[in-house]
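Remarks on the structure that follows.
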Amino acid sequence: MDQGIIKNVAVNEDLTPLLELAGRVGRNPLLTQASTGNISLKLDGVLWVKASGKWLADAAGGKILIPLDLTAVRATIRQNIDPAELYPNASIETAMHVTLPHPVVLHVHSINTIAWAVREGAPAELKTRLEGLRWQWIPYVASGLPLAREIQRVLSLRPDTDVLVLGNHGLVLGGKDCQATRNLLDEIERRLEVPPREAHPADYALLAELAADSSWDLPDDDAIHALATDPVTRKILEGGFLYPCQAMFSDARTPELFHAVQADGTDLTGYSGRPFLIIQGRGVVLSKGMTAAEIAMLSGLSQVVQRIGASTLLRYLTEEEVTAGASTAAYRYRELANTSHS
Ligand SMILES: [Zn+2]
């Protein structure tokens with residue numbers, strides 16, 4: 001296998017705009033959660049791509065980037081080899097970054113975009129909202145090489161595409177430089193903005209009682225409680241998985257994790273081992289063992305579901321997609337758990 005895939009080049013000032021954009025995006029929880037989202041720059045034969053497991057928020061200094069030989073990475077795609085398999089330290093979406101022709105490529109798990117991208121009628125709804133932009137819809141497909149192949153297919157139909165909305169997943173943008181990419185991102189966020197529904201406040205007194213002298217904690221992010229206090233949110237979560245990141249919490253593929261439980265007195269002993277508990281009508285408690293990455297994922301989920309109406313037809317992941325995605329998700333999850341975010 002080609003071991004010459006990594007380039008021996010140092011982070012330099014040419015990367016400053018990229019790192020600034022990465023940090024700005026990474027610090028916005030409506031755009032990325034934990035180590036999700038990735039960015040790349042094609043420069044002088046090098047593909048600078050986000051390293052696997054790193055948080056975009058930690059971009060300053062450039063340690064989140066890996067330099068790969070652009071020609072070598074392109075060759076792996078032609079040989080039907082996923083560059084992320086060949087070089088696991090690179091982003092799982094390296095194949096996507098090299099397939100798009102743009103100098104700058106940005107992939108985000110935008111809350112507003114996902115709130116549209118999980119709907120049955122997403123392509124038609126997006127058509128109105130993204131009118132005039134060079135965009136295309138890609139129905140859900142697994143990350144890595146399968147997604148890169150779909151991108152190749154839609155680019156062959158319209159080579160000038162610079163926005164991709166990924167069903168049950170997120171948003172991909174390409175730009176000639178960082179400023180153009182940032183402008184495009186701002187424009188799309190503006191057009192796809194959905195105000196979140198207001199949820200009933202949590203029952204903090206009960207939650208504090210439940211958490212006292214226990215392995216449970218209250219989340220710092222109050223918005224997480226909407227998973228329990230908003231009836232529409234609860235109903236949506238009972239329908240299934242909306243996107244693969246949800247499978248990070250349960251390699252056993254247990255959708256019950258996202259179903260609300262009744263608080264039976266103050267005894268939660270039957271639920272030990274769970275990462276979090278959605279307590280119907282009351283609020284959410286988190287296991288003290290939950291990682292920052294997991295909590296960020298849960299916050300993101302709450303934000304997405306708060307932007308979906310009660311009567312909206314949703315396109316949940318199929319059982320097959322969840323099963324196929326779970327191994328990747330479990331792998332990513334271990335990696336997320338092992339990554340300390342500074
Ligand atoms: Zn993604």
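The values are calculated or read from the model by the stated rules, or taken from the named source; none is laboratory data. In this text the structure is predicted, and so the values were computed from the model without any measurement. Note that each Cβ is placed from the backbone with ideal geometry, even for glycine, and that neighbours are counted across all protein chains shown. In case anyone asks, the SASA skips ligands and DNA or RNA and just uses the protein heavy atoms, side chains included. Shrake-Rupley method; radii C 1.70, N 1.55, O 1.52, S 1.80 Å.
Taking the three principal axes of the alpha carbon atoms in region 56-165, the coordinate ranges are 39, 33, 23 Å, sorted in descending order. Based on the Stokes-Einstein relation at 10 °C and a viscosity of 1.306 mPa s, and on the Kirkwood radius from alpha carbon pairs, the chain is assigned a translational diffusion coefficient of 77 µm²/s. The lysines whose alpha-carbon is closer than 20 Å to the alpha-carbon of residue 176, local same-chain residues fewer than 8 away aside, are 42, 50.
Compute the separation of the alpha-carbon centres of region 126-146 and region 166-201 and state it in Å as a whole number. When both Cα centres are located, 12 Å separates them. Of all lysines in the structure, the ones whose alpha carbon falls short of 18 Å from that of residue 54, not counting any fewer than 8 places away in one chain, are 63.
By a 1.4 Å probe calculation restricted to protein chains, residue 182 has an accessible surface near 90 Å², given to the nearest 10. With helices as the sole contributors, the chain gives -11000 deg cm²/dmol at 222 nm; each DSSP H run of n ≥ 4 counts as -39500 (n - 2.57), and the sum is divided by every residue. Each 10 Å bin from zero up to the one holding the largest Cα-Cα distance in region 206-303 carries the following percent of pairs: 16, 55, 28, 1. Amide H of residue 65: which non-local residues (sequence gap of 5 or more, or other chain) have their own amide H closer than 5 Å, using H built in the peptide plane? Answer set, sorted by chain and number: 51. What angle, in degrees between 0 and 90 and rounded to the nearest 10, separates the Cα long axis of helix 319-338 from the longest principal axis of the Cα atoms of the chain? Roughly 90 degrees, rounded to the nearest 10. The alpha-carbon atoms of region 13-103, seen along their principal axes, cover 37, 25, 20 angstrom, with the largest extent given first. Note on residue 271: accessible area is roughly 60 Å² with a 1.4 Å probe, heavy atoms of protein only. For region 120-193, GluC sites (Glu not before Pro) meeting the loop criterion (DSSP other than H, G, I, E, B) and having at most 10 other Cβ atoms within 10 Å: 131. Within the accessible area of the chain, the carbon and sulfur atoms contribute 50%, probe 1.4 Å, all protein chains present.
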